[in-house]
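The values are calculated or read from the model by the stated rules, or taken from the named source; none is laboratory data. Keep in mind it's a predicted model, so treat the numbers as computed, not measured. With ideal geometry, Cβ positions are generated from the backbone for all residues, glycine too; neighbour counts draw on all protein chains shown.
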Amino acid sequence: MTRQQTSQRSDIHGRITDKIIAALEQGVRPWIQPWHNACPSDPVSRPLRFNGAPYSGINVILLWSEAIARGFSSSTWMTFRQALELGGAVRKGESG
């Protein structure tokens, strides 16, 4: 692993930690939030890759957090390259 890869990995861990701490300071427990869904008819599910495979580990919490923060209703996620392979487009300025 190069020094740049190590730095990027540390930044990701730091960002996740900062998001969890910020949510805790606001009184929100991010690992519990999805089960307190405002609309009981909407089932809560694990985030899925574009091919239907579920995410696991910290990715579940991170993606739930992003979906809540951005108001996303779908629990399906994909990478930029996967979107292009499927003929999709990504809006300019969007980030992963």
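Go over the candidates L86, L62, L48 one by one and state the one that is touching a Phe, Trp or Tyr at 6+ places or on another chain (Cβ under 8 Å), in contact (Cβ under 8 Å) with a residue 24 or more places away in the chain and surrounded by 12 or more Cβ atoms within 10 Å (Cβ to Cβ).
Being touching a Phe, Trp or Tyr at 6+ places or on another chain (Cβ under 8 Å), in contact (Cβ under 8 Å) with a residue 24 or more places away in the chain and surrounded by 12 or more Cβ atoms within 10 Å (Cβ to Cβ) holds for just one of L86, L62, L48, which is L48.
Which one is modelled with the lowest pLDDT among residues in the stretch 13-43 that are hydrophobic (A, V, I, L, M, F, W, C) and surrounded by fewer than 12 Cβ atoms within 10 Å (Cβ to Cβ)?
Ranking the qualifying residues of the stretch 13-43, first place goes to W35.
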